[in-house]
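One structure is given below, encoded as structure tokens.
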């Protein structure tokens with residue numbers, strides 16, 4: 001009996017030892033699995049937090065983008081309204097009778113639409129003023145483009161001691177006010193016999209357009225790769241052939257920009273035209289308004305019709321060459 005009890009006791013001790021070992025092993029396994037599970041949970045939480053942060057950042061950037069676009073659109077519409085209001089005023093009132101502006105209001109649609117203003121403007125010498133302006137502007141632009149391109153090429157491509165000084169001197173001429181030179185140029189035109197001729201306008205127009213042109217055109221020519229000239233030289237082109245056959249054709253956008261920019265200024269120029277032209281048969285378009293005013297009263301609608309006809313060529317020119325204008329104005333903004 002004692003042996004049986006002893007054997008039972010030993011079996012109980014063995015079972016307890018086995019259970020203890022199993023518990024220890026289970027505890028070790030649990031302790032090993034806990035960090036792995038904790039690490040996995042932590043990684044998962046980090047990924048979720050990163051993904052949430054990205055979503056929040058994208059949402060905030062999208063909201064900011066919408067706000068920026070909304071502000072930009074509002075300002076664009078405001079600018080459009082401010083820009084188009086004078087044109088709307090001018091066009092609407094060009095279709096009224098002389099005293100309809102006082103009776104109907106300036107922004108009221110014409111009732112009835114009166115086309116006789118345009119007929120009267122055309123039949124009373126409008127096209128004479130128009131073609132004289134075209135002649136003056138065309139000759140002035142051709143001379144300006146030729147001289148400015150001749151000046152811009154060496155300033156952009158050649159390196160010599162006086163390069164920077166000459167360029168700075170030409171650009172400094174932009175600060176000279178046009179009207180300060182009215183009296184000296186008036187004396188000069190009377191001395192050489194150009195007073196009261198269209199030729200008296202061409203010289204001042206070209207002279208005052210050159211500084212800005214020489215300022216813009218070299219920057220555009222510098223964007224043309226030098227490898228093109230080097231390849232042409234290898235093929236046997238000299239300096240003049242390089243300029244006329246390579247650089248000048250590739251500078252069309254810059255030349256178009258200068259033509260539009262200076263053409264608008266020449267087309268609308270009034271001070272020199274009013275000073276140097278006396279005979280009505282030689283006056284240009286900016287002086288036409290004075291010929292359409294009444295003897296004892298001012299006919300505003302017919303003046304609006306003349307203004308509408310005057311601005312149409314420039315509007316059409318801008319619509320046709322707007323891409324070249326933007327490209328030419330951005331020339332030289334980015335290097336490389």
- With respect to residue 278, determine if the residue is assigned by TED's automatic domain parsing to the domain that holds residue 215 and either farther than 27 Å from residue 184 by Cβ or modelled with pLDDT under 85 (or both). no
- Query: Only one of (1) crowded, with 17+ Cβ neighbours inside 10 Å; (2) touching a residue at least 24 places away in the same chain (Cβ under 8 Å) fails for residue 182. Which number is that?
  - Reply: (1)
- Note on the structure: In region 238-262, anything assigned to a loop (DSSP other than H, G, I, E, B) and surrounded by fewer than 17 Cβ atoms within 10 Å (Cβ to Cβ) is listed as 238
- Query: So which of 165, 150, 215 ends up being touching a residue at least 12 places away in the same chain (Cβ under 8 Å) and either touching a helix residue (DSSP H, G or I) at 6+ places or on another chain (Cβ under 6 Å) or in a helix (DSSP H, G or I) (or both)?
  - Reply: 215
- Note on the structure: From the option list 138, 164, 152, single residue qualifying as under 25 Å from the mean Cα position of the chain (by Cα) and over 24 Å from residue 268 (Cβ atoms) is 152
- Query: Only one residue in 207, 121, 138 is modelled with pLDDT under 90 and either part of a helix (DSSP H, G or I) or surrounded by 14 or more Cβ atoms within 10 Å (Cβ to Cβ) (or both). Which one?
  - Reply: 121
- Taking only region 94-109 into account, find how many residues are under 17 Å from residue 292 (Cβ atoms) and not in a helix (DSSP H, G or I). 6
- Message: Can you say whether residue 98 is surrounded by 14 or more Cβ atoms within 10 Å (Cβ to Cβ), touching a residue at least 60 places away in the same chain (Cβ under 8 Å) and outside the structural domain of residue 290 (by TED's automatic domain parsing), as far as the supplied structure shows?
- Response: yes
- Looking at region 220-231, which of the residues that are crowded, with 18+ Cβ neighbours inside 10 Å and assigned to a helix (DSSP H, G or I) is nearest to the chain's Cα centre (by Cα)? 220
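The values are calculated or read from the model by the stated rules, or taken from the named source; none is laboratory data. Everything quoted here is computed from the prediction, not taken from an experiment. No Cβ is skipped: glycine too gets one built from the backbone with ideal geometry, and neighbour counts run over all protein chains shown.
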